[in-house]
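Comments concern the structure below.
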Amino acid sequence: MFPTVKDAVSISDLDRSLVEQILKEVWETGVKVVMKDDVVECVLLSPANYAHLVDELEDAKLYALAMERMSRYDPSQTISQEEVDANLGITEEDLAGWEDIELE
């Protein structure tokens, strides 16, 4: 969602009498662009929109990191789960009862 002209407010409207109304609109619409002389001064975001934006940025960074790592991936260098377990001394008995536990 990108802000539009209807989401804009003049910086002169940010006096004490209108701030409460402007913030209410931010909560309702999610965004308000503050203008001064037809130039964007800042963008006000609701906490939900800000959190969503931060989540999207984090996802993009993780995706870029995964793609960079995959560019160096060499299937011949992988080892099986059995080899990992053996290297760490993990037995089938150690893993018994863990199949119902969900990891995120």
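May I ask you to verify whether Ser71 is on the phi < 0 side of the Ramachandran plot, touching an Asp or Glu at 6+ places or on another chain (Cβ under 9 Å) and not hydrophobic (A, V, I, L, M, F, W, C)? Criteria not met by Ser71. Filtering segment 39-78 to residues that are assigned to a helix (DSSP H, G or I), surrounded by 10 or more Cβ atoms within 10 Å (Cβ to Cβ) and acidic (Asp, Glu) leaves Asp55, Glu56, Glu58, Asp59.
Read-outs throughout are calculated quantities, based only on the coordinates presented, and are distinct from any laboratory measurement. In this text, all values refer to a predicted model and were calculated from it rather than measured experimentally. Neighbour counts run over all protein chains shown; Cβ positions are idealised from the backbone, glycine included.
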